[in-house]
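The values are calculated or read from the model by the stated rules, or taken from the named source; none is laboratory data. Just so it is clear, the model here is predicted, and its values are computed rather than measured. Please note: Cβ atoms are built from the backbone with ideal geometry, for glycine as well, and neighbour counts cover all protein chains shown. Note: accessible area is taken over every heavy atom of the protein model, side chains too, but ligands, DNA and RNA are not part of it. Shrake-Rupley method; radii C 1.70, N 1.55, O 1.52, S 1.80 Å.
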Amino acid sequence: MISARTVNLTHIASERPSRAMVASTYRRLQRFFQHVCLPEDWSVGIVISLLGNPRPWHLCLDRTNWKIGKTDVNILVLAVITARFRVPLMWTMLPHSGNSTTAQRIALMKRYLAYFDASTVRVLLADREFIGQEWFTFLVEQEIPFAIRMKEGQIVRTNGRELNLRSLLSRCRGVRGFTAVLPGRASHPDLELHFGARRIKGGELLVVASPYPATGAHILRQYKKRWLIECLFADSKTRGLNLEDTRLTLASRLSLLIAITAIAIALICRAAAQLMGHKYPARKKHGYCSKSWFRTGFDEVRRWMRSGPETPLVARNLVVPRRLRVGVV
């Protein structure tokens, strides 16, 4: 997959160093996805071992979607973000197009909490698609810190008045921090949140909510890391493994493919970490890296696969944690 730069089985079959015909190899790959059935989240232990277990970390929640013919592929992804890694950890295949429901988000976070303590989450980052009284209440009850963008029309209560964020911040020009109450809805209690707000390009209002006291600037700095999950989607698609090239539409098979892709991305990041050590990719005059962390590891793994390894990418003592050894054979 890494060598071919695509998840398309036809191209992968051509990459296999075998005396078998390409058509035979392709059929073997098809059988793998037809008959192999692994438990949910089976790849978590392998991914965490490749990460080196650098907790606590930032978590990003977002959704990626595309079409295969007339079929909608819609995936809710929970990704781990560290200084050098951005890797999908768990995901839910949504059986519909459009936004996820609160129940689906809560179910995904419960799967995470079944493996890890809430203390492993430094901050959960998400866009304004992932809001709601029940969702926020769940995160607060589980003691999961978050920085989630709010919609401008969100009603809040401050100084005894209820008004939307657009009206409250109509004169906001610089960075502003404030505290307001999210009025209770549908039997859920009022929720006091802390906000950071500022204007972005085009005059649009960026408002980010957090359950813990912090300055507005600090909340906005935390939320800025959310963009890394968009970079992750680009790495797994057009800039890297071309995930959209797949023709698998059945949810179980597609989930298996994404798990393999997650391991490949973790391996690529591990290779970049071994190659760079404590250094960081050089920056050009415009401020961006000359080569991204992902591309550095991607090129190194492809070179390693073609020329033969001088040093192993995965240490011989790599161990999958016993608590996470779920379905790994």
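The residue pairs whose first member lies in the stretch 100-129 and is at positive phi, whose second member is open to solvent by 40 Å² or more (accessible area, probe 1.4 Å) and not in a helix (DSSP H, G or I), and whose beta carbons are closer than 9 Å, counting only pairs six or more residues apart or on different chains, do not exist in this structure.
Conditions tested, residue by residue: (1) within 20 Å of ASP41 (Cβ to Cβ); (2) in contact (Cβ under 8 Å) with a residue 24 or more places away in the chain.
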| position | (1), (2) |
| --- | --- |
| LYS224 | no, no |
| ILE229 | yes, yes |
| ALA234 | no, no |
| LEU257 | yes, yes |
| ALA271 | no, yes |
| GLY277 | no, no |
| GLY287 | no, no |
| LYS291 | no, no |
| GLY297 | no, yes |
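Taking (1) touching a Phe, Trp or Tyr at 6+ places or on another chain (Cβ under 6 Å); (2) without any contact (Cβ under 8 Å) to a residue 24 or more places away in the chain in turn, GLU192 satisfies each apart from (1). Check the stretch 235-243 and report whether any residue there is surrounded by 14 or more Cβ atoms within 10 Å (Cβ to Cβ), closer than 29 Å to PRO145 by Cα and among the acidic types (Asp, Glu). Yes, there is a match, as at least one residue in the stretch 235-243 is surrounded by 14 or more Cβ atoms within 10 Å (Cβ to Cβ), closer than 29 Å to PRO145 by Cα and among the acidic types (Asp, Glu). Against the conditions (1) without any contact (Cβ under 8 Å) to a residue 60 or more places away in the chain; (2) exposed (fewer than 14 other Cβ atoms within 10 Å of the Cβ), LEU76 satisfies every one except (2). CYS37 meets all of the listed conditions (1) within 30 Å of PHE130 (Cα to Cα); (2) hydrophobic (A, V, I, L, M, F, W, C); (3) not in a helix (DSSP H, G or I) but one, namely (1). Counting only strands (runs of 3 or more DSSP E) that sit wholly inside the stretch 91-185, those with at least 1 residues that are closer than 30 Å to PRO39 by Cβ and modelled with pLDDT of 95 or more are 121-126, 146-150. Exactly one residue among SER97, SER3, SER49, SER18 is within 24 Å of ARG149 (Cα to Cα) and over 13 Å from the mean Cα position of the chain (by Cα), and that residue is SER97. For the criterion of being part of a strand (DSSP E or B) and open to solvent by 10 Å² or more (accessible area, probe 1.4 Å), GLY202 fails.
Would you check if there is a residue in the stretch 47-65 being open to solvent by 60 Å² or more (accessible area, probe 1.4 Å), touching a residue at least 40 places away in the same chain (Cβ under 8 Å) and basic (Lys, Arg)? Yes - at least one qualifying residue is present in the stretch 47-65. The set of residues in the stretch 155-189 being more than 21 Å from PHE138 (Cβ to Cβ), of a type in the set (Ser, Thr, Tyr) and out of contact with any Phe, Trp or Tyr (no Cβ under 8 Å at 6 or more places or on another chain) consists of SER167, SER170. Looking only at the stretch 8-22, decide whether some residue is among the small types (Gly, Ala, Ser), open to solvent by 70 Å² or more (accessible area, probe 1.4 Å) and closer than 28 Å to ALA272 by Cα. Yes.
Select from the stretch 52-90 the residues that are over 9 Å from the mean Cα position of the chain (by Cα), among the basic types (Lys, Arg) and within 20 Å of ALA264 (Cα to Cα) and list them in ascending order. Once the filter is applied, which keeps residues that are over 9 Å from the mean Cα position of the chain (by Cα), among the basic types (Lys, Arg) and within 20 Å of ALA264 (Cα to Cα), the stretch 52-90 yields only ARG84. Each residue in the stretch 137-165 was checked for being of a type in the set (Lys, Arg) and either farther than 20 Å from GLN222 by Cα or in contact with a Pro (Cβ under 6 Å, 6 or more places away or on another chain) (or both), and 2 of them qualify.
Take ARG176 and decide whether it is basic (Lys, Arg), buried (at least 17 other Cβ atoms within 10 Å of the Cβ) and under 27 Å from LEU89 (Cβ atoms). Considered against the rule, which asks whether it is basic (Lys, Arg), buried (at least 17 other Cβ atoms within 10 Å of the Cβ) and under 27 Å from LEU89 (Cβ atoms), ARG176 comes out as no. Within this structure, ILE144 fails the test of being over 11 Å from the mean Cα position of the chain (by Cα) and surrounded by fewer than 18 Cβ atoms within 10 Å (Cβ to Cβ).
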